[in-house]
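Worksheet: one structure, shown below.
The values are calculated or read from the model by the stated rules, or taken from the named source; none is laboratory data. In this text the structure is predicted, and so the values were computed from the model without any measurement. Positions of Cβ are generated from backbone atoms using ideal geometry, with glycine treated the same way; all protein chains shown enter the neighbour counts.
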Amino acid sequence: MRVGILGGTFNPPHLAHLVCAQEAHAQLGLDRIVLMPAGEPPHKQLSAGDPSPDTRYELCLAAVRSDERFVVSRAELDRPGRSYTVDTLRLLRERDPQDELTFIVGGDMAASLPSWREPEAVLGLATLAVAERVGAKREAIERELAPLAGAGRVTFFDMPRIDVSSSLVRERVAAARPIRYLVPDAVAEAIDRNGLYRAAGEVTT
Ligand SMILES: Nc1ncnc2c1ncn2[C@@H]1O[C@H](COP(=O)(O)OP(=O)(O)OP(=O)(O)O)[C@@H](O)[C@H]1O
Ligand SMILES: O=C(O)c1ccc[n+]([C@@H]2O[C@H](COP(=O)([O-])O)[C@@H](O)[C@H]2O)c1
């Protein structure tokens, strides 16, 4: 099976995550997309008031509920410590050695691959599929990744530019502005029902 993995903090999942995954699914001929919420994001600091990993998992489930192309994995939530992608890919490879793995990232994340844990091992385990996103230029990303062994396993796909981020959604909720259409309805309902993001958290990077 050709499996695409969209890793993220999903704090919360939004429209651009789903469009990104959908375009990878369609353009790269993937059979299934796995949303992989990070238990402890390797490069991001969550703030104290942020929802728990389990709540972010529930938000991901709500986001993909009625779409049979998507599943949500608990692999990184059930593993203690920082959620390094290389560990996740090794686990998936061990579980299903026949699967062909594609790790999907937004262009902004792709350029940072050299600073990830064992970036060359990541490229040995999976194809890296990069969505082109505002501010992320293909040539700049290729230049950044060229020195890595396995750079030939980086592929690009197009997605409509969607200037939505989890930070934007959080800021809008904190400012009592509507988030309908920026996130799936079930996610907006869960955010509302659980009173998430009402107090502005410290900005994460
Ligand atoms: N608008 C977008 N267009 C394309 N890719 C995106 C977009 N938003 C997020 N992604 C990609 O989705 C993956 C998971 O992102 P993440 O969960 O960190 O969301 P985020 O919106 O970037 O979060 P935050 O605003 O909190 O930094 C990353 O690979 C990221 O590059
Ligand atoms: O493994 C690493 O060193 C590493 C460093 C930065 C990001 N990642 C992964 O990239 C994905 C997107 O990251 P983020 O910070 O946008 O949620 C997510 O699955 C992270 O675990 C992984």
Practice task
Sort out which residues of segment 44-71 are of a type in the set (A, V, I, L, M), farther than 19 Å from A129 by Cβ, more than 13 Å from ligand 2 (Cβ to nearest atom) and surrounded by 15 or more Cβ atoms within 10 Å (Cβ to Cβ), and write them in order of number.
Solution key: L59, L61, A62, A63
Practice task
Scan segment 152-176 and report the pairs whose first residue is touching a residue at least 60 places away in the same chain (Cβ under 8 Å) and more than 12 Å from V19 (Cα to Cα) and whose second residue is more than 15 Å from ligand 2 (Cβ to nearest atom) and of a type in the set (F, W, Y), with Cβ atoms within less than 6 Å and a gap of 6+ or a chain change.
Solution key: R170/Y197
Handout entry: Single match in R82, R93, R117, R143 (criterion: modelled with pLDDT under 95 and either charged (D, E, K, R) or assigned to a loop (DSSP other than H, G, I, E, B) (or both))
Key = R143
Fill in the blank from the handout: If we ask which residues in segment 97-124 are surrounded by fewer than 15 Cβ atoms within 10 Å (Cβ to Cβ) and either within 8 Å of ligand 2 (Cβ to nearest atom) or among the aromatic types (F, W, Y) (or both), their number turns out to be 3
Handout entry: Search result, residues across segment 14-29 that are closer than 24 Å to S47 by Cβ and touching a strand residue (DSSP E or B) at 6+ places or on another chain (Cβ under 7 Å)
Key = H14, L15, H17
Fill in the blank from the handout: Residues of segment 154-167 being within 16 Å of ligand 2 (Cβ to nearest atom) and either among the charged types (D, E, K, R) or over 27 Å from R56 (Cβ atoms) (or both), in sequence order, are V154, D163
Exercise for the section: Output the number of residues of segment 30-61 satisfying the condition of being of a type in the set (K, R) and assigned to a strand (DSSP E or B). Expected result: 1
Practice task
Filter segment 96-114 down to residues that are within 16 Å of ligand 1 (Cβ to nearest atom), part of a loop (DSSP other than H, G, I, E, B) and either touching a residue at least 40 places away in the same chain (Cβ under 8 Å) or β-branched (V, I, T) (or both), then give me how many there are.
Solution key: 1
Exercise for the section: Determine which member of the set E139, E144 is over 16 Å from L6 (Cα atoms), without any contact (Cβ under 8 Å) to a residue 12 or more places away in the chain and out of contact with any Asp or Glu (no Cβ under 6 Å at 6 or more places or on another chain). Expected result: E139
